[in-house]
Amino acid sequence: MRALSHRNFQVYFVGQGLSTLGKWIQQVALSWLAYHLTGSAVLLGAIAFLTLLPQLLIGPLAGAWSDRHDKRRLLIGVQTLLALQSLALALLTWQHWLGQEVIIVMSLLLGLLNAFETPLRQALIGGFVDDPKDLPNALVLNAMLINAARFVGPPLAGFLINWCGEAGCFLATSAAFGVLLIGLMKVKSPVQPKAKGSTGQIFREGLHYLWTTVHVRRLLISVVMFNLLASCYSVLLPILAKNVFAGDAQTLGWLWGAAGAGAFVATIYLAFAGSSSNLHRIIVWGTVVCALSLGAVAANPPLILTLLALSGLGFGITISNVSSNMTLQSNAPEILRGRVIAFYIAMRFGFEAVGGLLAGMIAAALGVQVTLLMAGSLLVAYLMFSWQFARRSVQHEAT
């Protein structure tokens with residue numbers, strides 16, 4: 001917990017906790033509302049796709065652009081727009097104006113704002129701790145905070161949906177964004193070096209670093225494949241809640257919360273065991289846990305066993321992604337950190353978006369269980385391929 005000794009990180013930590021809690025409440029409410037109104041698995045995939053795709057398409061350019069400006073001021077502006085977007089969702093839902101087309105437009109707007117907000121927020125963490133040695137701990141605590149909200153937020157969203165409706169959830173999210181906005185205005189981050197040159201030049205410089213640094217390139221490829229296959233499960237949770245378990249919004253909250261519980265445990269584990277010497281091994285084991293958990297959920301067990309399998313899935317996804325993020329940020333030069341983070345986030349969430357869209361389409365045609373089984377099997381196949389490739393590379397270097 002040593003990163004919390006820095007006052008700026010303390011202020012950010014509190015605001016970020018409430019903001020992330022609000023994000024999860026909004027995500028569950030929007031998914032439930034969309035499936036409740038339309039019953040369409042394809043629409044669920046489209047929502048995930050549109051919410052995350054901008055991070056793949058414009059996220060790296062946003063990272064390059066942010067490296068030329070004051071990141072704290074930019075984040076304040078984006079956070080303001082996020083609060084207004086949630087407030088608009090609350091008003092539209094309250095007036096019963098939130099049809100399928102409006103949901104698609106609002107999901108795309110949320111994705112565009114997140115494409116700027118996520119890399120800005122990640123890149124600023126280093127400025128909130130005075131000692132660079134505390135950065136890895138700050139990253140783990142930030143991930144722990146996010147996953148604690150992921151554990152608490154969905155069940156809370158299920159309760160709020162039954163108590164005050166989806167509009168109340170969106171209003172609560174807007175207020176939570178406002179708390180982080182106030183915190184960002186109070187913190188004082190040191191002046192960070194700004195990249196010089198055009199956005200295009202800065203983007204190409206970051207791309208050159210990522211492509212020519214072999215271990216970084218391989219790590220990003222793993223991030224792409226992992227999130228394409230493992231993270232697609234979240235799109236299918238409303239279908240599991242309503243069709244498989246004949247439940248309501250509270251059931252959806254428990255399913256999502258179970259994955260969040262596993263993710264929270266993963267961050268606690270990393271806080272103690274996530275040293276740079278064994279992060280690669282942790283990433284591999286996280287992938288194995290995800291493949292096994294996907295297969296377990298696909299077997300259509302009783303609800304309690306499904307919750308346990310989803311906890312394993314949340315654990316594996318978090319332990320792999322956070323370890324990848326820690327590896328990249330710890331090794332990246334300070335002047336390139338914003339771009340490195342932006343590329344990581346683009347790969348992480350962009351291919352989760354692609355996987356979610358594909359999962360929704362496959363589930364509509366073949367069912368949820370077949371979709372999850374396919375994802376788990378392909379993840380095992382990729383793991384075996386990457387292991388063989390790594391072994392051959394070591395043999396080639398030895399000769």
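The values are calculated or read from the model by the stated rules, or taken from the named source; none is laboratory data. All values derive from a computational prediction rather than experimental measurement. Reconstructed Cβ throughout: ideal geometry from the backbone, glycine too, with neighbour counts over all protein chains shown.
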Task: Output for segment 95-105, where each listed residue is farther than 17 Å from Gly168 by Cα and either crowded, with 21+ Cβ neighbours inside 10 Å or of a type in the set (A, V, I, L, M, F, W, C) (or both) - done: Val102, Ile104, Val105
Open item on the list: Six or more apart or on different chains, Cβ atoms under 8 Å: show the pairs whose first residue is in segment 279-291 and in a helix (DSSP H, G or I) and at pLDDT below 90 and whose second is surrounded by fewer than 16 Cβ atoms within 10 Å (Cβ to Cβ) and of a type in the set (Gly, Ala, Ser).
Closed with: Ile282/Ala273
Task: Qualifying residues in segment 15-38 (those that are surrounded by 15 or more Cβ atoms within 10 Å (Cβ to Cβ) and of a type in the set (Val, Ile, Thr)) - the one nearest to Gly183 (Cα to Cα) - done: Thr20
- [ ] With respect to Leu37, determine if the residue is of a type in the set (A, V, I, L, M, F, W, C) and within 19 Å of Ser234 (Cα to Cα).
- [x] yes
Open item on the list: Show the residue pairs meeting these rules: Cβ distance below 8 Å; 6+ apart or different chains; first residue within segment 294-314 and assigned to a helix (DSSP H, G or I); second residue crowded, with 18+ Cβ neighbours inside 10 Å and among the basic types (Lys, Arg).
Closed with: Gly314/Arg150
TODO: Starting from segment 101-126, take each residue that is on the phi < 0 side of the Ramachandran plot and list its partners that are part of a helix (DSSP H, G or I) and aromatic (Phe, Trp, Tyr), counting only C-beta distances under 7 angstrom and pairs at least six apart or across chains.
DONE: none
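Please work out if Ala266 is small (Gly, Ala, Ser), assigned to a helix (DSSP H, G or I) and surrounded by fewer than 23 Cβ atoms within 10 Å (Cβ to Cβ).
Spelling it out, it is not the case that Ala266 is small (Gly, Ala, Ser), assigned to a helix (DSSP H, G or I) and surrounded by fewer than 23 Cβ atoms within 10 Å (Cβ to Cβ).
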